[in-house]
Amino acid sequence: MKSADSGKKQLEFLKVQISEKYCLISDYLHFTGGNYNLSQPCVNIGMVGHVDHGKTTLVKALSGVWTDTHSEEVKRGISIRLGYADSPFMKCPKCPAPQGYTVAETCPTCGEKTEEHRTVSFVDAPGHETLMATMLSGAAIMDGAVLVIAANEDCPQPQTKEHLMALDIIGIENIVIVQNKIDLVSRERLVEHYHQIKEFVKGTVAENAPVIPISAQQNINIDILIDALETQIPTPIHKIDKPASMLIARSFDINRPGASIDEIRGGVIGGTLTEGVLHPGDELEIRPGIKITTEGTTKWVPILTTVSSIYAGATKVEEATPGGLLAVGTYLDPTLTKGDSLTGQIAGTPGTLPDTRHQFVMELHLLERVVGVTREEKINEIKTSEPLMLNIGTATTVGVVTSARKNEAQVALKRPISAAIGAMVAISRRVDSRWRLIGVGVIKS
Ligand code: GDP
Ligand code: ZN
């Protein structure tokens, strides 16, 4: 705690009092949700799959009427800046499932006013092949996933395969497969494509996942999809009696350029609580914190601050619980949170966060072959001094192997992480000039 205290002194030099007037974080974060009375989302669902297969369109179809009040720019903001959107699943009190499920305020079948069933948060994973690290950090906060596969292309496409492999080895078991763009293909083709999917998922975590044919663009079978999500991806049991622990996925400086000193708002962090609850006024420690070099020596100092406000989607809340993505306002100097600088760190109750590690030993579980490439090469053993890309929680760091045995490797990290013994590590290696997932590790010491 001593180093954290000195961190507090050094870092909170701009302790601005944030007034109500300047607390409209949601205005800056571009969340969906015109309805301020929605409950906090209780489950995070990943949208994964190959680029252009329709993930963003599907998130829009599932956010339905709530995005109508927002401009196109704001809607784009969701997938570009944040990569997530909250979605209220509504249910008609009169119609049975699946027809009764919708995202609209009125039932499309009978016109009755709908009731909120469950609010979920979608984490939109980029399908572009160079963004696997982002997908892997996103996977750390997913309770389940929708694997989007376009019916007008053969299955599997490279990133369809790579994303399913990631879900498989990370152990995300609650999966719904979506066969999208059914408006573009014949019935025969749809059946053929269905068989391709079943063949592809055989022996994986998605082997028994339902396959729902939809058109995200034409709003076909969205009710059936919601029904499948409601049954396949249950709300996890959250440990709210534990100290607060939040994985930071994004961090921001929400101030407009040229804002005067009394207008300045403190730094904002975005992410998901894995355990515990958080309130405005709570003390927060952020680890590993920031790098400080004094008199030639460099060390990482945890940051201490206080929560100023919390938004769950567009809703300002007095208490946040696990599930869904939160924007947490703090009294930190916004330059500390600017441009995602705290992404991958952990925030939580001071004194309870995992140790900062500059190196660790992990137990290895490597795949047999590299996936996502046309030529699927065999994966060779990990060697001393090779660089690996490591994803732990929402953190991405490069580690150089300092010693390696058959089932174990020690790595020295370029950037330290805050992680507990037993934490899972997704391991990627450079193959043909890009990082490819080769397996997982478990931190041993
Ligand atoms: P992402 O890269 O997976 O997020 O894919 P997008 O959602 O950006 O969709 C890629 C393209 O496919 C866009 O031009 C969409 O309009 C189109 N698209 C998405 N879903 C459908 C669908 O169900 N039917 C048709 N015809 N086009 C679709
Ligand atoms: Zn109805």
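The values are calculated or read from the model by the stated rules, or taken from the named source; none is laboratory data. Values in this document were obtained by computation on a predicted structure and should not be read as measured data. Because the Cβ atoms are built from the backbone with ideal geometry, glycine has one as well, and the counts that use them run over all protein chains shown.
When GLY276, GLY281, GLY289, GLY270 are checked against the criterion of being of a type outside the set (Ser, Thr, Tyr) and in contact with a Phe, Trp or Tyr (Cβ under 6 Å, 6 or more places away or on another chain), GLY289 stands alone in meeting it. Count of the range 228-268 residues, restricted to those that are surrounded by fewer than 18 Cβ atoms within 10 Å (Cβ to Cβ) and part of a strand (DSSP E or B), is 1. Scanning the range 102-120 for residues that are more than 10 Å from ligand 2 (Cβ to nearest atom) and in a strand (DSSP E or B), we see that the one that is nearest to ASN44 (Cα to Cα) is VAL120.
Scanning the range 191-231 for residues that are over 21 Å from PRO158 (Cβ atoms) and free of Cβ contacts under 8 Å to residues at least 40 places away in the same chain turns up VAL191, ASN208, PRO210, ILE212, SER215, GLN218, ILE220, ASN221, THR231.
Restricting attention to the range 188-221, the residues that are in contact with a Gly (Cβ under 9 Å, 6 or more places away or on another chain) and over 26 Å from LYS60 (Cβ atoms) add up to 1.
When LEU184 is tested against (1) free of Cβ contacts under 8 Å to residues at least 40 places away in the same chain; (2) touching a strand residue (DSSP E or B) at 6+ places or on another chain (Cβ under 7 Å), only condition (2) is not met. Taking residues in the range 270-299 that are under 20 Å from MET246 (Cα atoms) and in the same structural domain as LYS316 (by TED's automatic domain parsing), and partners anywhere that are outside any strand (DSSP E or B) and among the charged types (D, E, K, R), the pairs with Cβ atoms closer than 7 Å and at least 6 places apart or on different chains are GLU275/LYS242; GLY276/LYS242; VAL277/GLU319; HIS279/GLU318; HIS279/GLU319; PRO280/GLU318. For the structure I just gave you, tell me whether PRO98 is touching a helix residue (DSSP H, G or I) at 6+ places or on another chain (Cβ under 6 Å) and at pLDDT 80 or above. Yes, satisfied. Can you find a residue in the range 52-61 that is outside any strand (DSSP E or B), modelled with pLDDT of 85 or more, within 16 Å of ligand 1 (Cβ to nearest atom) and at positive phi? Yes; the residues of the range 52-61 include at least one that is outside any strand (DSSP E or B), modelled with pLDDT of 85 or more, within 16 Å of ligand 1 (Cβ to nearest atom) and at positive phi.
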